[in-house]
Amino acid sequence: MFSKKILLITSLVILSLILAGCDGYRNMKTYTIKQGKDFIKYYTFKSDTENKENLIIYIDGSGYTSVLGLKKQGSWKAVTMAYELQSRLLPRFDLLVPEKKNMNPGKNYENQIKIIEDYSLEQRVQTAKTAITDYLEGNTYKRVLLVGHSEGGYILPRLYLSLKDDFDISGLAILSVGGLSQYEMFKTLKDKDLPYPAGYKQGLDWIEEAARDIKKNPESITKKYLGHPYKRWSSFMFYRPVDELVQINIPILMIHGSEDMMSPVESSRFVKNEFENLGKNNLYYIEYVGKGHDLGEDFDRVVCDIEKWFNEMIQK
């Protein structure tokens, strides 16, 4: 129904962070957890002097590419926000980045049926939890932050709730997603006047018909909507992060761009209003006026805002 390029726009937006002169990831160690024929990798980034005070755990967004980006012929062609965190926050923070299940760093798996069949919200949460548990059982920090961008932020409330009984998590930073379901977000985007690519706008206009069809065919991997098979959408489309966010009492930072074409800013504004209505004061919301899903690639500002929130709300 839509061109492949447009179909993948929601998945690969973060891979537009192509850095001129990018020298790749430094101070990285790779760990592998074997699960029969399956495996889960995770990556750690530490300065020469190991930090036992603060740890950031970064959960990347959607798609069938490594959470670190895309590597070809020995060099990184595109990177994710993990690159920005490891290049800007060491040595104050150690960094842990869980990989998606059965993926290797820098690889693209968009044509591998096993990866596509197994991709779901529940699997992403469990994969990240397994990697985090494996690392934290042998490494203790005073403060641990969960940071998620896009789909990574979408699953962050559920991931936190799955970890909180076993580990002391100090705060959550949710970037470019908010608390509405993807169905609600697409319905909101459909009626907004933003410069959508033609094929993407056509997909948004079809959201209600697609949602009904997904409910009828929740296991299909051949029927697709906006580049993802129905099986993937059946687990992600109707989950509302706000329902779990309101159960969380540790500090939460939420950053959203006002011109986001993937996850509308109304999704984060809704969370802000919901917290205010409930009398909860643990949410700090920042809106980047005129910025999109990648927050304008203004990573100095993003990192500065995370550090300022950390200093004021967590490291008191």
**Criterion: charged (D, E, K, R) and crowded, with 16+ Cβ neighbours inside 10 Å - qualifying residue of Glu122, Glu99** = Glu99
**Flag if Glu287 is more than 19 Å from Gly61 (Cβ to Cβ), in a strand (DSSP E or B) and of a type in the set (Asp, Glu)** = yes
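Of all residues in the stretch 267-299, which are of a type in the set (Phe, Trp, Tyr), over 17 Å from Trp309 (Cα atoms) and touching a residue at least 40 places away in the same chain (Cβ under 8 Å)? Even if it seems obvious, please write down each step before you answer.
We begin by selecting, within the stretch 267-299, every residue of a type in the set (Phe, Trp, Tyr); these are 270, 275, 284-285, 288, 299.
Keeping just the survivors that are over 17 Å from Trp309 (Cα atoms) gives 270, 275.
Within the stretch 267-299, Phe270 is the sole residue that qualifies.
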**Message:** Any residue in the stretch 203-227 that is more than 15 Å from Gln182 (Cα to Cα) sitting within a Cβ distance under 6 Å of a residue that is of a type outside the set (Lys, Arg) and assigned to a loop (DSSP other than H, G, I, E, B)? List the pairs, counting only those 6 or more apart or interchain.
**Reply:** Lys223/Asn217
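For the stretch 73-96, check the following and say yes or no: at least one residue is aliphatic (A, V, I, L, M), assigned to a loop (DSSP other than H, G, I, E, B) and over 19 Å from Val177 (Cα atoms). Step through it out loud before you land on a result.
Just the residues of the stretch 73-96 that are aliphatic (A, V, I, L, M), to begin with: 78-79, 81-82, 85, 89-90, 95-96.
If we keep only those that are assigned to a loop (DSSP other than H, G, I, E, B) too, we end up with 89-90.
The next check asks that each one be over 19 Å from Val177 (Cα atoms); those that pass are 89-90.
Checking the stretch 73-96: at least one residue is aliphatic (A, V, I, L, M), assigned to a loop (DSSP other than H, G, I, E, B) and over 19 Å from Val177 (Cα atoms).
I'm checking my understanding of the structure. Among residues of the stretch 89-133 that are out of contact with any Gly (no Cβ under 8 Å at 6 or more places or on another chain) and among the acidic types (Asp, Glu), which one is farthest from Lys164 (Cα to Cα)? Walk me through it before giving the result.
Our first condition is that a residue be out of contact with any Gly (no Cβ under 8 Å at 6 or more places or on another chain); within the stretch 89-133, this holds for 89-105, 107-109, 111-133.
Keeping just the survivors that are among the acidic types (Asp, Glu) gives 94, 99, 117-118, 122.
Details: Asp94: 20, Glu99: 21, Glu117: 29, Asp118: 25, Glu122: 17 Å.
Ranking the candidates gives Glu117 first.
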**Enumeration of residues in the stretch 150-170 that are among the aromatic types (Phe, Trp, Tyr) and either at pLDDT below 95 or out of contact with any helix residue (DSSP H, G or I) (no Cβ under 7 Å at 6 or more places or on another chain) (or both)** = Tyr160
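Please determine, by comparing only the residues of the stretch 210-239 that are small (Gly, Ala, Ser) and in a loop (DSSP other than H, G, I, E, B), which one is nearest to Gln123 (Cα to Cα). First the steps, then the outcome.
Filtering the stretch 210-239 for residues small (Gly, Ala, Ser) gives 210-211, 220, 227, 234-235.
If we keep only those that are in a loop (DSSP other than H, G, I, E, B) too, we end up with 220, 227.
Numbers: Ser220: 17, Gly227: 19 Å.
Only one residue fits best here, namely Ser220.
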**Message:** List the residue pairs whose Cβ atoms are under 6 Å apart, where the first residue sits in the stretch 150-161 and is closer than 14 Å to Thr130 by Cα and in contact (Cβ under 8 Å) with a residue 60 or more places away in the chain, the second is of a type outside the set (Ser, Thr, Tyr) and assigned to a loop (DSSP other than H, G, I, E, B), and the two are 6 or more positions apart or on different chains.
**Reply:** Tyr160/Ile169
**Fill in**
Within the stretch 129-179, restricting to residues that are crowded, with 24+ Cβ neighbours inside 10 Å and of a type in the set (Ser, Thr, Tyr), the one that is farthest from Gln86 (Cα to Cα) is Tyr154
**Prompt:** Met254 passes all but one of (1) under 21 Å from the mean Cα position of the chain (by Cα); (2) surrounded by fewer than 16 Cβ atoms within 10 Å (Cβ to Cβ); which number fails?
**Reply:** (2)
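Answer yes or no as to whether Ser87 is at pLDDT 95 or above and either of a type outside the set (Lys, Arg) or under 14 Å from the mean Cα position of the chain (by Cα) (or both). I'd like the intermediate steps shown before the answer.
Numbers: at pLDDT 95 or above: no; either of a type outside the set (Lys, Arg) or under 14 Å from the mean Cα position of the chain (by Cα) (or both): yes.
Taking the combined requirement at face value, the residue does not satisfy it.
The values are calculated or read from the model by the stated rules, or taken from the named source; none is laboratory data. Everything quoted here is computed from the prediction, not taken from an experiment. A quick note on method: Cβ atoms are made from the backbone with ideal geometry, for glycine too, and the neighbour counts reach across all protein chains shown.
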